[in-house]
Amino acid sequence: MRLVMLGAPGSGKGTQAERLSKKYGIPQISTGELFRSLRKGEQLPGMSLPQEVIDEISSLINNGCFVSDDITIQVIENRIALPDCENGFILDGFPRNIPQGEALDALLKKHSIHLDAVLEIDVPDDAIVDRLSGRRYCPACGRTYHLDAKMPTEEERATCPEGCRNLIQRDDDKPEVVKKRLVTYHDVTEHLKPYYKEQGKLITVVGRKKLEKTIRDVDRALESIEKNRIEA
Ligand code: ADP
């Protein structure tokens with residue numbers, strides 16, 4: 001299964017991507033997560049970037065700006081070439097604009113593979129601002145939680161080097177930065193919706209307040225895709 005997750009920051013696409021990654025046994029590739037791990041001083045699997053590029057990436061993401069298409073596409077190209085992507089992957093946070101979408105199409109073509117679907121999680125802006133104010137991040141294991149909706153489970157605590165004890169708010173989840181990211185989502189990323197609709201790949205699910213309802217709708221939406229894939 002090869003999926004692209006589309007949705008505004010805070011729409012819950014990362015939560016669904018993480019769950020689907022376990023369900024299908026394929027990696028979740030989050031560009032935001034990869035960039036944050038660089039900021040923590042880790043190198044990316046399969047590639048190494050000079051420190052000045054890493055410093056530039058850190059400053060861009062702290063301010064809610066996009067990392068350059070060149071670097072982002074290079075990171076994705078290296079990542080999807082790794083052996084764990086052989087049976088599929090879930091892209092979370094990429095593509096984020098039309099040039100990245102076109103670059104992804106070219107990359108898939110080069111490797112003679114195709115996307116099964118682009119899953120959009122649609123949530124109104126006012127709900128997003130509320131949600132992001134409660135979003136927290138564990139710097140030790142990189143998982144994302146929510147004060148009201150998704151605190152660490154026993155299993156997550158047990159597999160985190162620091163037991164998910166110190167949850168922090170991301171700099172880019174502060175309200176001023178969130179507003180800027182939402183404007184960018186509508187102005188830039190949403191153009192990918194007609195782009196993928198034309199390719200017949202877009203599936204939209206409404207992101208609801210109750211996580212279980214969103215999970216049910218996402219699973220239903222993907223059932224037919226999975227069936228077609230198996231039959232093909
Ligand atoms: P969210 O989806 O909530 O905005 P992410 O964790 O996906 O958060 O991304 C965090 C930041 O990483 C973005 O605000 C941006 O600075 C950078 N980033 C992530 N993906 C991309 C991308 N495809 N292109 C450019 N920058 C990106």
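Determine the relative contact order of region 118-232: mean sequence separation of Cα pairs under 8 Å and six or more apart, normalised by residue count, in whole percent.
Numbers: 94 pairs, mean separation 36.7, N = 115.
It rounds to 32 percent for region 118-232.
Could you report region 127-232's accessible area per residue, 1.4 Å probe, as an integer in Å²? Present the calculation step by step, with values, prior to reporting the outcome.
On the way: 6610 Å² over 106 residues.
Solvent-accessible surface per residue comes out at 62 Å².
Would you mind telling me the share, in percent, of accessible area of the chain contributed by carbon and sulfur at probe 1.4 angstrom? Mind showing how you got there, number by number?
On the way: 5990 of 11890 Å².
Accessible surface attributable to carbon and sulfur in the chain totals 50 percent.
What order, most packed first, do the peptides 73-81, 9-17, 105-113, 21-29 have when packing is the mean number of other Cβ atoms within 10 Å of each residue?
Working: 73-81: 18.6, 9-17: 24.2, 105-113: 11.8, 21-29: 16.9.
Top to bottom by mean Cβ count within 10 Å: 9-17, 73-81, 21-29, 105-113.
Which of the three applies to region 1-77, rounded, prolate or oblate, going by the alpha-carbon gyration tensor with a ≥ b ≥ c and a/c under 1.5 meaning rounded?
It comes out prolate by the Cα gyration axes.
Just check region 96-165 against the gyration tensor rule for me: Cα atoms, a ≥ b ≥ c as the square roots of the eigenvalues, rounded for a/c under 1.5, and otherwise prolate or oblate depending on whether a/b exceeds b/c.
Details: a/c = 3.06, a/b = 1.64, b/c = 1.87.
Cα axes put region 96-165 in the oblate bin.
So what is the calculated 222 nm ellipticity per residue for the chain, using -39500 (n - 2.57) for each DSSP H run with n of 4 or more, over all residues, to the nearest 500 deg cm²/dmol? Please list the in-between numbers first.
On the way: 10 runs with 114 residues, N = 232.
Rounded to the nearest 500, it is -15000 deg cm²/dmol.
Tell me, what is a quarter of the convex hull surface for the C-alpha atoms of region 77-199, in nm² with one decimal? Write out the running numbers ahead of the final one.
Details: hull surface 37.7 nm².
Mean orientational projected area (region 77-199, Cα hull): 9.4 nm².
Where does the charge balance sit around His114 when Lys and Arg score +1, Asp and Glu -1, over other residues with C-beta under 11 Å from its C-beta? Please report the intermediate quantities before stating the final value.
Working: positive: Arg2, Lys109, Lys201, Arg229; negative: Asp105, Asp116.
So the surrounding residues net to +2.
What does DSSP give for the chain in terms of the percent of beta bridges that are antiparallel, rounded to the nearest 5?
Working: 5 of 21 bridges.
Antiparallel bridges make up about 25 percent of those DSSP assigns within the chain.
Looking at the square roots a ≥ b ≥ c of the eigenvalues of the Cα gyration tensor of region 171-232, which shape do they give, rounded for a/c under 1.5, prolate if a/b is larger than b/c, or oblate? Walk me through the numbers before you get to the answer.
On the way: a/c = 3.45, a/b = 1.58, b/c = 2.18.
Because a/c hits 1.5 or more and a/b fails to exceed b/c, region 171-232 counts as oblate.
Grab the other residues whose beta carbon is less than 15 angstrom from that of Glu198, score K and R as +1, D and E as -1, and report the net. If you can, show how the numbers build up before the last one.
Numbers: positive: Lys193, Lys197, Lys201; negative: Glu102, Asp105, Glu120, Glu190.
With Lys, Arg at +1 and Asp, Glu at -1, the neighbours total -1.
For Cys65, what accessible area in Å² do you get when you roll a 1.4 Å probe over the heavy atoms of the protein chains, rounding to the nearest 10?
50 Å²
How much accessible area per residue does region 38-105 have, in Å², with a 1.4 Å probe? If you can, show how the numbers build up before the last one.
On the way: 3200 Å² over 68 residues.
Per residue, region 38-105 has 47 Å² of solvent-accessible surface.
Excluding ligands and nucleic acids, what accessible area in Å² is computed for Met1 using a 1.4 Å probe, to the nearest 10?
Spelled out: Met1, probe radius 1.4 Å, area about 10 Å².
What is the chain's relative contact order, in percent, from Cα pairs under 8 angstrom and six or more apart in sequence?
Numbers: 292 pairs, mean separation 65.9, N = 232.
Here the relative contact order equals 28 percent.
Could you work out the local net charge near Pro27, counting Lys and Arg as +1, Asp and Glu as -1, over the other residues with Cβ closer than 9 Å to its Cβ?
Working: positive: Arg79; negative: Asp84.
It works out to a net charge of 0.
The values are calculated or read from the model by the stated rules, or taken from the named source; none is laboratory data. Just so it is clear, the model here is predicted, and its values are computed rather than measured. For neighbour counting, all protein chains shown are included, and Cβ atoms are generated from backbone atoms with ideal geometry for every residue, glycine included. Areas reflect the complete protein model, heavy atoms only, side chains present, ligands, DNA and RNA absent. Shrake-Rupley method; radii C 1.70, N 1.55, O 1.52, S 1.80 Å.
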